[in-house]
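Asker: What follows is a structure written as structure tokens; I'll ask about it next.
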Amino acid sequence: MKAFILLFFISLPLCAAMNHGGMIMDETGMIMNHNPDILPKDCPKISKEVDLTIRAGHKFTKGFEGKMFTYDKRDWQAPGCARVNVTFINEDDIRHQFMIHGLPGYMYPKGMFTIEIYGKGQKTASFIVPSRDYTYYIHCEVSQHTEKGMKAQLKVGKGSGDLDSILGLTSALTPDIYPINNTQITWISMLISFVLGVGFILYLGRLLRIKLEQ
Ligand SMILES: [Cu+2]
């Protein structure tokens with residue numbers, strides 16, 4: 001029993017930085033499917049090192065009405081067979097992700113590579129892209145964050161077109177609609193404006209009549 005308890009306490013610090021297969025975790029966040037060296041089948045060698053610094057935060061939505069979170073830049077480029085080294089910086093006090101989809105499933109389980117940071121902080125990890133021209137979908141999967149602006153794309157080679165609903169780049173697939181919310185104050189203001197407007201027109205009419213009669 002003592003040996004078991006001792007083993008338990010010895011294993012605690014090891015658990016602090018766990019590596020569950022493709023997942024590296026610590027108290028600040030998680031990296032999934034970090035791959036700095038395994039080449040895709042269609043890549044004889046790394047074509048280029050591409051270093052991307054991607055910032056996430058509420059402040060980058062300035063000028064985009066109704067949006068809450070986004071990345072500082074939402075349209076990225078890399079050549080085929082590049083090693084993409086992502087430094088992901090979270091500038092908010094909440095959880096954000098850099099999650100990219102569509103990578104080859106034989107190398108990246110579910111075709112995904114992810115860096116997740118639980119609050120302010122940064123992490124760096126890498127993935128290697130295949131040779132084909134393709135536009136990869138990047139987003140933050142935390143509930144509602146994609147809809148609220150955290151969507152981007154990585155064009156490899158010539159890409160395969162632009163994705164929809166990327167802030168500042170493409171129009172929204174389902175645009176946000178903000179119907180006018182008419183409160184009692186709105187109705188009273190409208191009534192006052194109407195009365196003042198009618199009064200002003202009558203006054204102008206009277207002025208005109210006096211002028212014509214002179
Ligand atoms: Cu997020």
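Asker: Could you work out how much longer the chain between Lys41 and Lys120 gets when fully extended? Use 0.36 nm per residue separation minus the Cα distance between them, nm to one decimal. Please report the intermediate quantities before stating the final value.
Answerer: Details: separation 79, 0.36 × 79 = 28.44 nm, distance 3.67 nm.
Separation in residues times 0.36 nm, less the Cα-Cα distance, equals 24.8 nm.
Asker: With runs of 4+ DSSP H residues as the only contributors, calculate the mean residue ellipticity of the chain at 222 nm using -39,500 (n - 2.57) per run, divided by the residue total and rounded to the nearest 500. Can you show the working numbers first?
Answerer: Working: 2 runs with 45 residues, N = 214.
So the helix-based figure for the chain works out to -7500 deg cm²/dmol.
Asker: What is the angle, in °, between the Cα long axis of helix 2-16 and the longest principal axis of the Cα atoms in the chain? Nearest 10 is fine, range 0 to 90.
Answerer: 50 degrees
Asker: Within region 73-214, what is the number of lysine pairs with alpha carbons under 29 Å apart, leaving out pairs fewer than eight places apart on the same chain?
Answerer: So the count works out to 21.
Asker: What FRET efficiency, computed as 1/(1 + (r/R0)^6) with R0 = 41 Å and r the Cβ-Cβ distance, is obtained for Leu191 and Asp93, rounded to the nearest 0.05? Let's see the in-between values first.
Answerer: Details: r = 45 Å, r/R0 = 1.10.
Computed FRET efficiency for Leu191 and Asp93: 0.35.
Asker: Additional query: Inverting the mean 1/r over all pairs of different Cα atoms, compute the Kirkwood radius of the chain and quote it in Å.
Answerer: One decimal place: 21.1 Å for the Kirkwood radius.
Asker: Could I have the simple spin-label model distance between Glu141 and Val198, label points 7 Å from Cα toward Cβ, reported in nm to one decimal?
Answerer: A separation of 6.1 nm, rounded to one decimal place.
Asker: Let me ask something else. Calculate how many DSSP beta bridges within the chain are antiparallel, expressed in % of all such bridges and rounded to the nearest 5.
Answerer: Of all bridge pairs located within the chain, approximately 75 percent are antiparallel.
Asker: Moving on to the next point. Working from Cα positions, state the angle (0 to 90°, nearest 10) between the long axis of helix 184-213 and the longest principal axis of the chain.
Answerer: 40 degrees
Asker: Report the residue, chosen from Phe194, Phe60, Phe69, that carries the largest GNM mean-square fluctuation when the chain is represented by alpha-carbon nodes joined by springs under 10 Å.
Answerer: Phe194
Asker: Return the FRET efficiency for the residue pair Arg132, Ala172: r is the Cβ-Cβ distance, R0 is 25 Å, and the value is rounded to the nearest 0.05. Before the final figure, lay out the partial values.
Answerer: Numbers: r = 28 Å, r/R0 = 1.11.
Efficiency, rounded to the nearest 0.05: 0.35.
Asker: Quickly rank 92-98, 45-51 as a protection proxy: mean count of other C-beta atoms within 10 Å, highest first.
Answerer: Numbers: 92-98: 19.7, 45-51: 12.7.
So the order, starting with the most tightly packed, is 92-98, 45-51.
Laboratory data are not the source of any read-out in this text; all were calculated from the coordinates shown. The structure presented is a predicted model; accordingly, all values stated were derived computationally and were not measured. All Cβ positions, glycine included, derive from the backbone under ideal geometry; neighbour counts span all protein chains shown.
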